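Take a look at the structure below.
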Amino acid sequence: MARHTAPRSPRRALLQAGLTVTAVGAALSAGAGAAQAAPAATPAALAVAPVTLPLPGVDQSLDEVGATPGQALTGALQHAAAGGIAPAKSMRLNPLAGTSVDPLDNTVGTQIADFQPVNTAAATAPLAKGAGLKDLPVVGTVTGALPG
């Protein structure tokens, strides 16, 4: 008999029913708590008088504020780019850095005759220590030109 045609055990059906009842009960109790905390609304309380707040700069033109539309747009784009790129520049690139299973925490070196020894520590050390994009040897100087 194939496994998908095997009869289901009543134990599994009871487990599914119990989990379903638990989830429904949690949803109902969360809704009841929010409904109980809300004050009763009366028709007089529903009528709200309009409130006017003074908004500085709304009735001024851009010339009065001191920025041309081009300057305002450039400033807004630079601010938005800095807010979006800065976290990406400092984000940890190797999530396994500092753990015992980090594959980049290994270096390979060699020395031929009396030449200076060469190893991979300079390339993998920043990543093995949990560096971000801005901390890498070559790419870090290039990311310095980005905003943020």
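The values are calculated or read from the model by the stated rules, or taken from the named source; none is laboratory data. What you see is a predicted model; the values in this text were computed from it and never measured. Glycine gets a Cβ as well: all are built from the backbone with ideal geometry, and neighbour counts include every protein chain shown. With ligands, DNA and RNA removed, areas are computed over all heavy atoms of the protein, side chains included. Shrake-Rupley method; radii C 1.70, N 1.55, O 1.52, S 1.80 Å.
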#### Entry: All positions within the range 91-128 that are aliphatic (A, V, I, L, M) and part of a loop (DSSP other than H, G, I, E, B)
Met91, Leu93, Leu96, Ala97, Val101, Leu104, Val108, Ile112, Ala113
### Filter result for the condition that a residue is touching a strand residue (DSSP E or B) at 6+ places or on another chain (Cβ under 6 Å) and either open to solvent by 40 Å² or more (accessible area, probe 1.4 Å) or hydrophobic (A, V, I, L, M, F, W, C) (or both), over Asn119, Asn106
Asn119
### Query
Consider Pro39 against the criteria (1) part of a loop (DSSP other than H, G, I, E, B); (2) under 30 Å from Ala145 (Cα atoms); (3) modelled with pLDDT under 80: it satisfies all of them except one. Which criterion is unmet?
(2)
### Task
Restricting attention to the range 68-81, report how many residues are touching a residue at least 40 places away in the same chain (Cβ under 8 Å) and either surrounded by fewer than 13 Cβ atoms within 10 Å (Cβ to Cβ) or in a loop (DSSP other than H, G, I, E, B) (or both).
1
